[in-house]
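Participant: If you scroll down you'll find the structure; I have some questions about it.
The values are calculated or read from the model by the stated rules, or taken from the named source; none is laboratory data. From a predicted model like this one, the values you see are computed outputs, not experimental measurements. Positions of Cβ are backbone-derived with ideal geometry, glycine not excepted, and every protein chain shown enters the neighbour counts. Surface areas here come from the heavy atoms of the whole protein model, side chains and all, with no ligands, DNA or RNA. Shrake-Rupley method; radii C 1.70, N 1.55, O 1.52, S 1.80 Å.
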Amino acid sequence: MIVGIMVLDLYSGNTHNLKEKRRLVLSLKERLRRRFNVAAIESAYQDSWQRAQISMVTLSMSRQVLDQLLSRIENFVAETYPMFVVTVEREFF
């Protein structure tokens, strides 16, 4: 069993307060859970209204499958949400 972890640092110039950012992050986490079956949390920048860090974890028997899934998630976030992906970190165990 292989564990895949991905951390996305995001920036949004479209949010104007914490309430807007939290609504956007909550929507993103729920869609990631439903669409890709990953566990997702907001792992940093909870008090910043323009930045967010989303950490995800998932399991598979194949590293290749995990890598493809994490790539699809990264593309989904970049194409669907009004947030810029600043950095991406991936780890496999």
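Participant: Is it the case, given these coordinates, that L10 is under 16 Å from M83 (Cβ atoms), part of a strand (DSSP E or B), open to solvent by less than 30 Å² (accessible area, probe 1.4 Å) and touching a Phe, Trp or Tyr at 6+ places or on another chain (Cβ under 9 Å)? Give the steps one after another, and end with the answer.
Facilitator: Numbers: under 16 Å from M83 (Cβ atoms): yes; part of a strand (DSSP E or B): yes; open to solvent by less than 30 Å² (accessible area, probe 1.4 Å): yes; touching a Phe, Trp or Tyr at 6+ places or on another chain (Cβ under 9 Å): yes.
Yes.
Participant: OK, next. Could you check segment 24-47 and list, in sequence order, the residues that are assigned to a strand (DSSP E or B) and either open to solvent by less than 40 Å² (accessible area, probe 1.4 Å) or not small (G, A, S) (or both)? Before the answer, list the steps.
Facilitator: Taking segment 24-47 as the starting set, the residues that turn out to be assigned to a strand (DSSP E or B) are 39-44.
Residues satisfying the conditions are A40, I41, E42, A44.
Participant: Quick one: S55 ticks every box in (1) free of Cβ contacts under 8 Å to residues at least 60 places away in the same chain; (2) in contact with a Ser or Thr (Cβ under 6 Å, 6 or more places away or on another chain); (3) assigned to a helix (DSSP H, G or I); (4) not acidic (D, E) except a single one, so which number is it?
Facilitator: Result: S55 fails condition (3) only.
Participant: Considering every residue within segment 48-57, establish whether at least one is out of contact with any strand residue (DSSP E or B) (no Cβ under 6 Å at 6 or more places or on another chain), open to solvent by 50 Å² or more (accessible area, probe 1.4 Å) and farther than 18 Å from T80 by Cα.
Facilitator: Looking for residues that are out of contact with any strand residue (DSSP E or B) (no Cβ under 6 Å at 6 or more places or on another chain), open to solvent by 50 Å² or more (accessible area, probe 1.4 Å) and farther than 18 Å from T80 by Cα, one finds at least one in segment 48-57, hence yes.
Participant: Please go through segment 61-73 and give me each residue that is out of contact with any strand residue (DSSP E or B) (no Cβ under 6 Å at 6 or more places or on another chain) and open to solvent by less than 80 Å² (accessible area, probe 1.4 Å), ordered by number.
Facilitator: Passing the criteria: S62, V65, D67, L69, S71, I73.
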